[in-house]
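The values are calculated or read from the model by the stated rules, or taken from the named source; none is laboratory data. Note that the structure is a prediction, hence the values are computed from the model and not measured. We place every Cβ from the backbone using ideal geometry, glycine too, and count neighbours over all the protein chains shown.
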Amino acid sequence: MTTSAIHTARPPLATKMQPAQQRATETFERILKVTAETLADVGVERLSTNIVCQRAGLTPPALYRYFPNKYALVSELGHRLMQAQNECVGRWISVAVYQGPLEELEAALEGLLLDTYEVTSRTTGGLWIMRALRAVPALEEVRLASHAAVTDAQVPLLRKAFPKAAAAELRLVSRIVVELVYSAVEMLCEESLDARSVAGIVAGMLAGHRARLAAPPAARTRRRG
């Protein structure tokens, strides 16, 4: 099967319509709430629109008015979780933090990871939403687009903080940091680990790369050699 055929076969993820009235909004939100609860109970494989309808006390036509399939349901939940996670970045990261003492950068990265973990933990079905965005091909673009948006937002800050570093390197560093924080949060949701210890280790690893970004290009070249 060709790549184009694979993409064509993917189910539609966009909502059919957005609710315009209060009653419709309540129905829309109830569908998503029940979907998250069901996802946490049965996982994405066993999730179905029929189960959601039964649990929500709705007829299938009421659900299909807004969502074409179960993947669209999870996609909407994914967008909301990614948005909530991404909002954590602005609370912790800035040019001043990048340029300040190393201890402050480590503390900010640790706070970012813990904040993101808390947001995810508070979200009903948060772990299963993250799993679905990584494991289900039809949904992976939700995660990748979100991570790309965070990367794009961080690159200008990194350029101001590290003007000697190459633009391509700054973009790669930003993308790796985004993925490592996301993966660490996923690990904390899946395993019984001390969140602060994990966050401290990850923050120390990430902050340790700052010296490389601040070094003159010639020094970085010599280090590679």
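Please go through region 137-173 and give me each residue that is within 16 Å of the chain's Cα centre (by Cα), surrounded by fewer than 17 Cβ atoms within 10 Å (Cβ to Cβ) and either of a type outside the set (Gly, Ala, Ser) or farther than 27 Å from LEU77 by Cα (or both), ordered by number.
Once the filter is applied, which keeps residues that are within 16 Å of the chain's Cα centre (by Cα), surrounded by fewer than 17 Cβ atoms within 10 Å (Cβ to Cβ) and either of a type outside the set (Gly, Ala, Ser) or farther than 27 Å from LEU77 by Cα (or both), region 137-173 yields PRO137, GLU140, GLU141, LEU144, ASP152.
Please count how many residues of region 71-98 are without any contact (Cβ under 8 Å) to a residue 24 or more places away in the chain and more than 25 Å from VAL181 (Cβ to Cβ).
Counting residues in region 71-98 that are without any contact (Cβ under 8 Å) to a residue 24 or more places away in the chain and more than 25 Å from VAL181 (Cβ to Cβ) gives 0.
Could you list, ordered by first residue, the pairs with Cβ atoms under 7 Å in which the first is in region 159-187 and over 18 Å from VAL95 (Cα atoms) and the second is of a type in the set (Phe, Trp, Tyr), at least 6 apart or interchain?
Qualifying pairs under 7 Å: VAL185/TYR117.
Which of the residues belonging to region 117-136 are part of a helix (DSSP H, G or I) and surrounded by 20 or more Cβ atoms within 10 Å (Cβ to Cβ)?
Within region 117-136, TYR117, THR120, GLY126, TRP128, ILE129, MET130, ALA132, LEU133 meet the criteria.
Here are some conditions: (1) of a type in the set (Lys, Arg); (2) within 23 Å of VAL198 (Cβ to Cβ); (3) outside the structural domain of LEU213 (by TED's automatic domain parsing). ARG143 meets all but one. Which one does it not meet?
All conditions are met except number (3).
Somewhere in region 155-168, is a residue of a type in the set (Lys, Arg), at pLDDT 95 or above and either under 30 Å from LEU32 (Cα atoms) or assigned by TED's automatic domain parsing to the domain that holds VAL34 (or both)?
No, because not a single residue in region 155-168 is of a type in the set (Lys, Arg), at pLDDT 95 or above and either under 30 Å from LEU32 (Cα atoms) or assigned by TED's automatic domain parsing to the domain that holds VAL34 (or both).
Just name the residue that is nearest to GLU106 (Cα to Cα) out of those in region 188-204 that are touching a residue at least 12 places away in the same chain (Cβ under 8 Å) and among the hydrophobic types (A, V, I, L, M, F, W, C).
It comes out as ALA203.
Out of VAL173, VAL119, VAL185, VAL142, which single residue is over 23 Å from THR35 (Cα atoms) and β-branched (Val, Ile, Thr)?
VAL173
Go over the candidates VAL142, VAL198, VAL173, VAL178 one by one and state the one that is farther than 22 Å from GLY43 by Cβ and either touching a Ser or Thr at 6+ places or on another chain (Cβ under 9 Å) or not in a helix (DSSP H, G or I) (or both).
VAL178
Grab the helices (runs of 4 or more DSSP H) fully contained in region 1-91, keeping just those with 2 or more residues being closer than 21 Å to GLY126 by Cα and not hydrophobic (A, V, I, L, M, F, W, C).
Here the list reads 22-46, 49-56.
State all residues of region 185-203 that are more than 20 Å from GLU103 (Cα to Cα) and surrounded by 21 or more Cβ atoms within 10 Å (Cβ to Cβ); if no residue qualifies, say none.
Across region 185-203, the qualifying residues are VAL185, LEU188.
Does LEU58 satisfy being surrounded by 13 or more Cβ atoms within 10 Å (Cβ to Cβ), outside the structural domain of LEU109 (by TED's automatic domain parsing), closer than 24 Å to TYR182 by Cβ and out of contact with any His (no Cβ under 6 Å at 6 or more places or on another chain)? Before you say what the answer is, go through the steps one by one.
Working: surrounded by 13 or more Cβ atoms within 10 Å (Cβ to Cβ): yes; outside the structural domain of LEU109 (by TED's automatic domain parsing): yes; closer than 24 Å to TYR182 by Cβ: no; out of contact with any His (no Cβ under 6 Å at 6 or more places or on another chain): yes.
In short, no.
If GLU103 satisfies all but one of (1) under 26 Å from VAL136 (Cα atoms); (2) without any contact (Cβ under 8 Å) to a residue 60 or more places away in the chain, what's the number of the condition it fails?
Of (1) under 26 Å from VAL136 (Cα atoms); (2) without any contact (Cβ under 8 Å) to a residue 60 or more places away in the chain, only one is false for GLU103: (1).
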